[in-house]
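Notes follow once the structure below has been shown.
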Amino acid sequence: MADLDTLKADVKKLNAKATQAKMDLHDLSEELPTNWEKILDVAQTAHDAHAKLMAARKALAEAQAAA
């Protein structure tokens, strides 16, 4: 059960980071053309955050199925 709790906590943290990254990307898009130079960096951060979240959700689902 400790592993499931750890995975759930990880998903919660990663979800918060992914949500913040999404909001940062949204905010940047609203400010365009100001700070257009940051598009790739902010988009990469959002992409990476969501990729980590999806991997953690998959690991949690697999752990729950195995339990």
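Every read-out reported here was derived from the displayed coordinates using simple, explicitly stated rules and does not represent laboratory data. Predicted, not measured: the structure shown is a model, and the values here were computed from it. Cβ: placed from backbone, ideal geometry, glycine included. Neighbour counts: every protein chain shown.
Between helix 2-31 and the chain, what is the angle of the helix's C-alpha long axis to the longest principal axis, kept within 0 to 90° and rounded to the nearest 10?
The angle comes out at about 10 degrees.
Along the charge dipole of the chain, Cβ charges K/R +1 and D/E -1, which of Ala55, Thr19, Gln44 sits furthest on the positive end?
The listed residue farthest towards the positive side: Ala55.
Determine the sum of side-chain charges near Ala56: Lys and Arg each +1, Asp and Glu each -1, restricted to other residues whose C-beta is under 14 angstrom from that of Ala56.
+2
In debye to the nearest 20, how big a dipole does the chain give about its Cα centre with +1 on each Lys and Arg Cβ and -1 on each Asp and Glu Cβ?
Using Cβ point charges on Lys, Arg, Asp and Glu, the chain gives about 320 debye.
If one takes the longest principal axis of the Cα atoms in the chain, at what angle in degrees, from 0 to 90 and to the nearest 10, does the Cα axis of helix 39-66 lie?
It works out to around 10 degrees.
With a cut-off of 8 Å between alpha carbons and a minimum separation of six or more residues, what is the relative contact order of the chain in percent?
51 percent.
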